[in-house]
1. For residues that are part of a strand (DSSP E or B), surrounded by 22 or more Cβ atoms within 10 Å (Cβ to Cβ) and either modelled with pLDDT under 95 or not hydroxyl-bearing (Ser, Thr, Tyr) (or both), tally how many sit in the range 63-89.
2. Take the conditions outside the structural domain of THR182 (by TED's automatic domain parsing), within 29 Å of ALA135 (Cα to Cα) and either in a loop (DSSP other than H, G, I, E, B) or modelled with pLDDT under 95 (or both) and apply them to SER30. Does it pass?
3. Does the range 25-46 contain any residue that is at positive phi and surrounded by fewer than 19 Cβ atoms within 10 Å (Cβ to Cβ)?
4. Among residues belonging to the range 183-202 that are under 18 Å from the mean Cα position of the chain (by Cα) and either surrounded by fewer than 17 Cβ atoms within 10 Å (Cβ to Cβ) or in a loop (DSSP other than H, G, I, E, B) (or both), point out the one that is modelled with the lowest pLDDT.
5. When you look at LEU152, is it touching a strand residue (DSSP E or B) at 6+ places or on another chain (Cβ under 7 Å), touching a residue at least 60 places away in the same chain (Cβ under 8 Å) and surrounded by 15 or more Cβ atoms within 10 Å (Cβ to Cβ), yes or no?
6. Restrict the check to the range 137-149 and report whether at least one residue is under 20 Å from the mean Cα position of the chain (by Cα), aromatic (Phe, Trp, Tyr) and within 16 Å of LEU105 (Cβ to Cβ).
7. If I filter the range 98-107 for residues that are in contact with a Leu (Cβ under 6 Å, 6 or more places away or on another chain) and closer than 30 Å to GLY23 by Cβ, do I get at least one hit?
8. Can you find a residue in the range 56-65 that is in contact with a strand residue (DSSP E or B) (Cβ under 7 Å, 6 or more places away or on another chain), in contact (Cβ under 8 Å) with a residue 12 or more places away in the chain and over 19 Å from PHE36 (Cβ atoms)?
Amino acid sequence: MSQERNELKIAAARSAVALVRDGMVVGLGSGSTASFAVDLLGERCRQGLRFVGIPTSERTASQARALGIPLADLREPNIDLTIDGADQVEDTSLNLIKGHGGALLREKIVACASKRLVIVVDESKLTSHLASDGAIPIEVVPFGWQLTAERLTKLGAKPDLRRNPDGEPYRSDGGNYIVDCTFGSRVDGLALAQQLDHVVGLVEHGMFIGLASEVHVAASGGVRILTAR
């Protein structure tokens with residue numbers, strides 16, 4: 001990954017981290033851009049900011065512990081703010097596709113428990129039509145996953161079971177498989193999300209509809225903030 005791309009991700013992360021205040025409960029996202037946000041939160045923690053983090057993956061939890069960020073789980077009554085990345089952001093609606101890093105289930109649970117979901121991306125993640133290109137990650141129960149994939153095919157998907165470098169199926173932190181599904185370029189994202197919600201064997205999908213409060217988008221000219229309408 002280029003240094004310029006990393007600098008954009010850091011800029012977006014820094015913009016979002018500036019929103020964290022003393023005493024907050026903060027959801028800690030997963031993925032490369034969210035990782036920069038966790039690093040920056042670690043700096044603020046060392047500078048004396050008091051907050052509690054709720055990690056969305058085991059990898060994020062390990063990173064946060066190494067930085068000295070105090071952690072809790074979802075027994076906390078409220079999450080004030082969650083900072084996370086996204087694989088796609090529809091610029092008109094702020095609907096998202098997430099899960100290429102494999103943490104979509106926990107990310108969605110934390111997002112739904114948050115008062116504010118703040119997304120950090122570089123401008124390459126913006127799209128005018130959600131799911132028109134690229135894959136939608138879908139987490140499925142290992143038992144009978146082939147039948148679940150067949151049901152997804154009937155919805156117009158081309159499912160591809162995610163695998164580790166050794167060829168074995170990739171497993172999420174929850175022990176499930178992930179099927180990466182591509183659809184046609186004219187897919188209706190909202191309608192598709194509603195259909196996926198009713199597929200037997202499907203644990204969760206990577207379409208985050210109506211959850212983002214704002215998106216911090218970094219480009220060469222600076223960071224701009226898109227807010228939900």
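1. Total satisfying the criteria: 5.
2. So SER30 passes the test.
3. Within the range 25-46, not a single residue is at positive phi and surrounded by fewer than 19 Cβ atoms within 10 Å (Cβ to Cβ).
4. Only one residue fits best here, namely LEU190.
5. Answer is no for this residue.
6. Looking through the range 137-149, none of the residues is under 20 Å from the mean Cα position of the chain (by Cα), aromatic (Phe, Trp, Tyr) and within 16 Å of LEU105 (Cβ to Cβ).
7. Within the range 98-107, one or more residues are in contact with a Leu (Cβ under 6 Å, 6 or more places away or on another chain) and closer than 30 Å to GLY23 by Cβ.
8. Checking the range 56-65: not a single residue is in contact with a strand residue (DSSP E or B) (Cβ under 7 Å, 6 or more places away or on another chain), in contact (Cβ under 8 Å) with a residue 12 or more places away in the chain and over 19 Å from PHE36 (Cβ atoms).
The values are calculated or read from the model by the stated rules, or taken from the named source; none is laboratory data. All figures in this text were calculated on a predicted structure; none of them were measured in a lab. All Cβ positions, even for glycine, are placed from backbone atoms using ideal geometry, and neighbour counts span all protein chains on display.
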